[in-house]
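No lab work stands behind these numbers, since they all come straight from the coordinates. Please read all numbers here as calculations on a predicted model, not as lab measurements. Cβ atoms come from the backbone with ideal geometry, glycine included; neighbour counts cover every protein chain shown.
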Amino acid sequence: MGQPETASFLTPALCRAARGYLDWTQADLADQAGVSRSTIRDYEGDRHGVHRATAAQLRLAFERAGVCFVADDRGCIGLYPSP
């Protein structure tokens, strides 16, 4: 039995937006996060969720590249360049 999937703040749409901001392909993100391209493709295509560890790898890859994620008081998540 594997680790359960999680409802991460990093939705497929936010993942695509962060990639677009960085001008990264799915292969670029996969390389930076240490996951397979098919994992990115399937997640962004809403074919399946990702495990907590994978979500953490994706977030870390984006943060290393200079993307910060922020939530407002309504619970909306956005991204912006790190200072």
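Computed values, structure above
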| quantity | calculated |
| --- | --- |
| The chain shape via C-alpha gyration tensor axes, a/c threshold 1.5 | oblate |
| Cα centre as origin, Lys/Arg/Asp/Glu Cβ charges: region 12-81 dipole, Debye | 160 |
| Region 31-78 - Rg and Dmax from Cα coordinates, angstrom | 12.0, 34 |
| Burial order of peptide ranges 22-33, 61-72 (average beta-carbon count within 10 Å, highest first) | 22-33, 61-72 |
| Unit charges at the beta carbon, dipole of region 12-81: most positive-side option, TYR43, LEU60, GLN26 | TYR43 |
| Per-residue [θ]222 nm for the chain (sum of -39500 (n - 2.57) over DSSP H runs n ≥ 4, rounded to 500) | -14000 deg cm²/dmol |
| Contact order normalised by residue count of the chain, Cα under 8 Å, 6+ apart, percent | 30 |
